[in-house]
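See structure below.
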Amino acid sequence: MFLPGFEPPPARAPAPRLADRLGRAISYLRLSVTDRCDCRCVYCMPERMRFLPKDEVLTLEELDRVGSAFVRLGVRKIRLTGGEPLVRRDVTGLIRSLSRHLGAGLDELTLTTNGSQLARFARELADCGVQRVNVSLDTLDPATFRSISRFGDLSRVMAGLDAADAAGLAVKINTVALKGVNETEACRLVAWAHSRGYDLTFIEVMPLGGAGRERLDQHVPLSEVADALAARWTLTPSAHRSGGPARYYQVRETGGRVGLITPLSHSFCDRCNRVRVTCAGKLYPCLGHDDGVDLRAALRESADDGRLVEAIESATAGKAKGHDFRVGSTLSRSSTARSMSVTGG
Ligand code: SAM
Ligand code: SF4
């Protein structure tokens, strides 16, 4: 079932044509469907976050036009994100609609979620053609979970994971490594994730937006996490790629995989294949720069997608060579004014 008025899927997969001036092909879109969230993770947003007025946020139809234009331009993977994508009303209508491109240009339609609403939505997501979800989970301790997320409830995430398993969704866990908060939990998290058949990827905390004082000094180089894991298990580099920036290791004793995303200690920009569009229609070719291009005006000016496609192509061409996140003193100030919840993580 498609949202009314949408185009039918193209008969054949389009050839990729979206690339930047450095020759990096863009095949992966992260599309934020809302900046709102039912949590306030300390590294992501302040407790009193000010959200966008509703009329600045793209409608579901506009989000569908954006996603579909990217597919026509050769994007093969779309990850819906936010904010918390599952708090957007009727988001499954958008997912169902975008799923018409699966097998017709689009290889994967997925989402990143905090898991709080997954118990309600897992079955419907699977029915919509979603095959895997990334669930963000930084700790297995209920009190630590509450203090990181401020409003979150670990038992709801666990119920969401049970529902995802029952619906046949593949799950990958994303864990932000936080100094003095969860750094001693790395082995426990990996053992737990692998016992449930999930890959787990650690992420270094990035200097984005005004998440407040709590984010400062939280950076843990993932080499330290890898050392802790290697002291317990046998880790061998894996050729596995998920289409994103993670580099994987196979853990012999558990049979599972651990990913490391290390934007600060090792840049991955030379292989970047991604762009991001916010829920307000700003296209950010790079997570670490403030040079967004407005797609909303192009969308609202005309029902024809000509200007939209032009704006996407020219913004992508100008994608920066890389971010300039640095470990050390500059981590204490934000590299961009936007928090991850605004850009879409
Ligand atoms: N609400 C959903 C969730 O938490 O999965 C999706 C949006 S969230 C912004 C996407 C991812 O960004 C999460 O895995 C979160 O942990 C991560 N994130 C948020 N702020 C971050 C930061 N400053 N540094 C590194 N990762 C961050
Ligand atoms: Fe919400 Fe995700 Fe940001 Fe946490 S990381 S506040 S769950 S958007």
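Read-outs: derived from the displayed coordinates by stated rules, not from any lab. Everything quoted here is computed from the prediction, not taken from an experiment. No Cβ is skipped: glycine too gets one built from the backbone with ideal geometry, and neighbour counts run over all protein chains shown.
For region 76-136, trypsin sites (Lys or Arg not before Pro) are listed when DSSP marks them as loop and at most 15 other Cβ atoms sit within 10 Å of their Cβ; the list is 89. The chymotrypsin sites (Phe, Trp or Tyr not before Pro) found in region 108-186 that occupy coil by DSSP, while having at most 14 further C-beta atoms within 10 Å, are 151. If R0 is 25 Å, the Cβ-Cβ spacing of residue 17 and residue 61 corresponds to a FRET efficiency of close to 0.55. For region 81-147, the fraction of C-alpha pairs farther apart than 21 angstrom is 28 percent. If you take the Cα Rg of region 50-118 and divide it by 2.2 N^0.38 Å, with N the number of residues, what do you get? In units of the 2.2 N^0.38 Å rule of thumb, it is 1.13. Taking max minus min of the alpha-carbon positions on each principal axis, region 28-343 gives extents of 58, 45, 39 Å, largest first.
Evaluated over region 28-343, the count of Lys pairs having alpha-carbon atoms less than 30 Å apart is 13 (only pairs 8 or more residues apart or interchain). Annotation for region 13-82: GluC sites (Glu not before Pro) lying in DSSP loop with at most 14 further Cβ atoms inside 10 Å of their Cβ are 47. Length gained on full extension, residue 179 to residue 294, computed as 0.36 nm times the residue gap minus the Cα-Cα distance: 37.8 nm.
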